[in-house]
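Worksheet for the structure shown next.
The values are calculated or read from the model by the stated rules, or taken from the named source; none is laboratory data. Just so you know, these numbers come straight off a predicted model, no measurement behind them. Neighbour counts are summed over all protein chains in view; Cβ atoms, including those assigned to glycine, are modelled from backbone coordinates with ideal geometry.
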Amino acid sequence: MLLKEPGLAAVVLLLLCVQGLHGSALLAVSSYEFTAYRMQQYNLSQQKHGCRGAIVVAEARAAEEPVLTRRCVVMKVSDFTTERYLEAQRQNAAAVLILLPRNMSSIPHDIVQSFMVSESETLLTETLMPVYVALEDEQLLYMYEEVKQAAATRTSSIVIRVLRSMITATAFQILVSNTAPIKPITDTSISTLEGVLPGAGEDVPTIVITAHYDSYGLAPWLSHGADSNGSGVTILLELARLFQILYSSSSTRPQYNLMFSLTGGGKYNFLGTKRWIEENLDHAESSLLHDNVAFVLCLDTLANADELHMHVSRPPKPDTPMHAFMQLLEEVVSSRFPWVKLGLVHKKINLVESTVAWEHERYSLRRIPGFTLSHLDDSKSEQRGSVLDTMSQVDFRKMKRNGIIIAEALAQYMYNLSDKGSPKDVQIFKGPLDFQDARMSSLMSFLTSVPRATQLLDKEPSHVSLVNSLEHEFKRYLQQVHRHNFRQDRRDPDITFFDQMDQPIVMYRVKPAAFDLFLGGCIAAYLGIVYFAIQNFEYLYIKLKSTMKSKGQ
């Protein structure tokens, strides 16, 4: 009986161990490789931003764990908050891994807003702690559930925690095998496109419509920028198509030059706009920016909300073109879209600051009147740069409505139609001149098909072709199309990016150290039983023989 009980106990423990090993959804996978994308890293105006680390060799843990030191903290979008991120930093966590759903539309609106706020605050400063973002899949979700379950058992009794740790628990080791040092990239090229619809007559005023086309977010490879600023680019391209129809006939061509520009580097202090203005004003012998510029209209984040904000560096004076155009915007909104709230936001340019808030400020610094139209009232809004800014965040009806407001106000200003009736009576953009839903949808799908982060647009073939396609679209509708490629001075770059933004990561399934102790104990018990049996074989044999004889009688 003494022999049977220890033997039975060992067998039961070994069976539990085997069950723990084979109860996993990753039955045949002891290691799994996936691609993760490192958090932004760049230097701008002598300020360092983003993640300075890349190497990770650590065990995965949930954010709820009390001890995160030298651990890789795994979080979903719903888990990621500024408080948890700062707590991981405070505890010197080895890394943070954020799992992003492949279907962004499945994320509730409140979670999207919460994540965007935390994402924006995270990007304000630099950190040595590696931060990675990966798209969810079956293996990563299983790993996440396992570490969450392990965290939940911390509140269980000590006996349950020890037994689970020894028998059924599965740990995951996260490893970034690339040990090469991170290198700076200072030769990034920024492209800006320009095109013109020449007005009737000579020396006529010029109206500039511009939008930046690049995107921004926690990780460059996951920054698709639908609302910011795919919406501005989409509306600009539709305006170019519609006004080209009006300009194609001498009878409907207004006495205004209409100049369009798509600028790069908008997410990095509008460097593409800055260099383009310098090229036109300081180096070009003849440029429309040299001449009589009525105003510059900058389009930024226009695919949502029932609000429109006109951001200015200084309120326009009465009897100026910009003031007249803003009044027409107000009239179109009040007469045709009274539920839309239109307001003026005045923010002076702080010359002490090294960065500007809106694109129009680049023009204001050169004494060119301009303003930015956006549904956002604050330049620091988290919606201006997020990996969750995808097609699911776009309201196409509101984007089309905003486009119509801009187009009608422009037409009424250039053709001086304010004296011919109210905006409700005078509608130019309808029928064949209406905004095309299918075209706007296809343009937005095209713009969000690849990430438009500035550091990718001149390196990756698919990203280079995106800029080429925008140039082709300009040539389709506009004249005097030029592409300006601005390459930075390597000795004194305006912005410095860094490599290793996408990394192969290996996830290993391992048992915790307590399991090794448990398995060693089982082996020691088995060997002890075998040794006891060998040492007492004669006694056991006689005992067994007498037992069998008594049963036979």
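How about the range 61-85: which of its residues are touching an Asp or Glu at 6+ places or on another chain (Cβ under 6 Å) and in contact (Cβ under 8 Å) with a residue 24 or more places away in the chain? Passing the criteria: Ala63, Thr82. Among the residues of the range 65-115, those that are among the basic types (Lys, Arg), touching a strand residue (DSSP E or B) at 6+ places or on another chain (Cβ under 6 Å) and surrounded by 15 or more Cβ atoms within 10 Å (Cβ to Cβ) comprise Arg71, Lys76. For the range 446-457, check the following and say yes or no: at least one residue is buried (at least 16 other Cβ atoms within 10 Å of the Cβ) and over 23 Å from the mean Cα position of the chain (by Cα). No - not one qualifying residue is present in the range 446-457.
Taking first residues from the range 451-476 that are among the hydroxyl-bearing types (Ser, Thr, Tyr) and partners that are surrounded by 14 or more Cβ atoms within 10 Å (Cβ to Cβ), the Cβ contacts under 7 Å between residues at least 6 apart in sequence or on separate chains come to Thr454/Thr188; Thr454/Ile190; Thr454/Asp214; Thr454/Gly264; Thr454/Gly265; Thr454/Lys267; Thr454/Tyr268; Ser462/Val450. The residue that is farthest from Lys459 (Cα to Cα), among those in the range 469-499 that are in contact with a helix residue (DSSP H, G or I) (Cβ under 7 Å, 6 or more places away or on another chain) and part of a strand (DSSP E or B), is Val481.
Here is a yes/no grid of residues against (1) touching a helix residue (DSSP H, G or I) at 6+ places or on another chain (Cβ under 6 Å); (2) at pLDDT below 90; (3) assigned by TED's automatic domain parsing to the domain that holds Glu33:
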position	(1), (2), (3)
Val56	no, no, yes
Tyr85	yes, no, yes
Ala93	no, no, yes
Pro101	no, no, yes
Gln113	no, no, yes
Glu121	yes, no, yes
Leu124	no, yes, yes
Tyr142	no, no, yes
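Between Trp339, Trp358, the distinction of being part of a loop (DSSP other than H, G, I, E, B), touching a strand residue (DSSP E or B) at 6+ places or on another chain (Cβ under 9 Å) and aromatic (Phe, Trp, Tyr) belongs to Trp358 only.
In the range 378-413, the residue that is nearest to Glu119 (Cα to Cα) out of those that are assigned to a helix (DSSP H, G or I) and of a type in the set (Asp, Glu) is Glu382.
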